[in-house]
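Readers should treat all values here as calculations from the given coordinates under stated rules, not as data from a laboratory. Keep in mind it's a predicted model, so treat the numbers as computed, not measured. Cβ atoms come from the backbone with ideal geometry, glycine included; neighbour counts cover every protein chain shown.
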Amino acid sequence: MGYVLIGTEASQFSGKARSFLRWKGVDFAEQTATPEIYRDIIEPRVGYAVIPILLTPDGQAIQDTADIIDHIERSVPGASVYPPGPVQKLASLLLELYADEWLVIPAMHYRWNYNEAWIIGEFGRTAAPGASRDEQARIGQIIAKPMKDAIPRLGVSEDTISGIEAHYEGFLADYSAHLRKMPFVLGDRPSLGDFALFGPLYAPLYRDPASGERMKRLAPVVAEWVERMLVAKAGPQALLPDDEIPPTLLPILKRQMAEQLPVLTDSAHILQEWALAQPKGARIKRSLGTHEFTIGGRRGERNVISFSLWRLQRVQDHYRSLSGADRERADRLLDAVGGREIANFQLPIRLERRDYRLVIA
Ligand SMILES: N[C@@H](CCC(=O)N[C@@H](CS)C(=O)NCC(=O)O)C(=O)O
């Protein structure tokens with residue numbers, strides 16, 4: 001048996017994993033995450049309800065899209081999503097941190113504030129394809145409740161909605177300008193940044209109808225990129241030569257550094273307070289309390305999400321592996337986008353994932 005990806009069409013992170021596996025040419029089947037699959041496979045294997053999961057031919061269950069990508073990159077030959085150039089790789093990891101942990105905010109805002117009835121129906125259709133529409137709506141409501149309740153924890157509130165929309169529309173304008181110069185993030189073929197961005201930009205922001213209508217109206221070239229990503233397969237196309245970072249990516253990284261970086265540094269301080277009294281191996285809570293943040297110029301409150309620091313550690317590990325001219329070039333990129341602190345500040349502890357949960361290493 002080949003690989004099996006357990007996920008759904010409506011899930012951001014399933015989209016990231018699926019587009020990667022398809023591009024890479026991996027032989028995989030997709031299994032829809034129905035309530036029975038959650039009960040019989042996901043919860044017993046992982047310990048909690050989450051998608052996507054990759055089941056491997058040798059019986060492992062891999063969760064977390066970065067772990068899925070790394071597992072496949074180690075086991076399946078062919079083109080890599082990681083650019084060989086160290087600065088392009090740094091930019092890719094930054095974009096993954098941004099797409100996974102920041103663009104999820106507009107993705108979920110537009111889903112729940114503009115597409116609620118549709119997504120509830122969609123959850124019902126996925127969970128119970130044979131049921132009547134009324135029954136699907138009832139089941140959809142039950143599935144939707146915890147997800148809708150989680151939206152304020154991301155920082156979506158009356159105070160921040162206009163800022164979230166300003167942030168997203170600014171991103172769309174910048175990404176459009178970039179895509180007018182080249183078809184993918186780093187040239188003529190997709191790389192890690194494309195797959196990460198495809199997560200929020202496909203299922204919630206393109207496929208949810210009201211969000212897709214908005215993307216096609218405001219940023220048709222981004223919608224066309226989504227459509228290219230839907231069919232992309234590794235081939236002879238190349239990344240930009242000489243580890244070049246296209247100047248059109250800089251405004252996107254600058255917006256990330258201006259808004260996401262303060263949240264990450266503040267989260268690290270809060271983690272430090274908490275970790276002081278903890279032994280090695282202690283499990284780190286998903287949320288470490290709440291803190292204030294700013295998005296698109298609007299202030300609000302959100303949960304301190306420990307997982308985002310795990311994605312940050314991945315960026316820092318790569319940065320710290322660089323030396324000499326590579327390190328200097330990486331510093332120049334970070335300086336150009338106001339992001340030097342992302343490399344300089346020290347996480348208070350080393351994070352590790354054990355049994356699908358974060359612990360102190
Ligand atoms: N960091 C994880 C995130 C996975 C994730 O957030 N999945 C969503 C659906 S797109 C989910 O199942 N959330 C439920 C939860 O985390 O409790 C990854 O990259 O795989």
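Only one residue of PHE345, SER308, SER321 has its Cα farthest out toward the positive end of the dipole of segment 286-360, where Lys and Arg carry +1 and Asp and Glu -1 on Cβ, and that residue is SER308.
Where does the charge balance sit around PRO129 when Lys and Arg score +1, Asp and Glu -1, over other residues with C-beta under 13 Å from its C-beta? Result for the local shell: -2.
How charged is the neighbourhood of PRO200? Take every other residue with its Cβ under 13 Å from the Cβ of PRO200, and add Lys/Arg as +1 and Asp/Glu as -1. Result for the neighbourhood of PRO200: -2. Excluding PRO84 itself, what net charge comes from residues whose Cβ is under 12 Å from its Cβ, given Lys and Arg +1 and Asp and Glu -1? Net local charge, PRO84 excluded: -2. In segment 31-116, the ratio of gyration radius to Kirkwood radius, Rg to Rh, stands at 1.05 when only Cα atoms are counted.
Legend: helices of the chain (whole DSSP H runs) are marked when their alpha-carbon atoms reach 24 angstrom or more along the helix axis and their mean Kyte-Doolittle hydropathy is at least 0.0; marked are 161-179, 250-275. Taking the charge dipole of segment 253-360 about its Cα centre, with +1 at Lys and Arg Cβ atoms and -1 at Asp and Glu Cβ atoms, the residue from SER267, ALA336, TYR356 reaching farthest to the positive side is TYR356.
Mean separation of Cα pairs under 8 Å and 6+ residues apart, divided by the residue count of segment 3-75: what relative contact order is that in percent? Relative contact order of segment 3-75: 37 percent. For segment 14-84 versus segment 270-301, the inter-centroid distance based on Cα atoms is 28 Å. About its Cα centre, segment 168-249 has a charge dipole of approximately 300 debye under the convention of +1 per Lys or Arg Cβ and -1 per Asp or Glu Cβ, with nothing else charged.
Residue ranges 139-148, 152-161, 117-126 sort as 117-126, 152-161, 139-148 when ordered by packing (mean number of other C-beta atoms within 10 Å per residue, highest first). A simple charge model with +1 on the Cβ of Lys and Arg, -1 on the Cβ of Asp and Glu and nothing else charged puts the dipole of the chain at about 180 debye relative to its Cα centre.
Computed over the alpha-carbon pairs of segment 89-184, the distance histogram in 5 Å steps reads 3, 12, 16, 17, 15, 13, 12, 8, 3, 1 percent, short to long.
Its DSSP H runs of at least 4 residues, each contributing -39,500 (n - 2.57), put the calculated 222 nm mean residue ellipticity of the chain at -17500 deg cm²/dmol, to the nearest 500.
For segment 86-231, a crude dipole built from +1 on the beta carbon of Lys and Arg and -1 on the beta carbon of Asp and Glu, taken about the Cα centre, is about 300 debye to the nearest 20.
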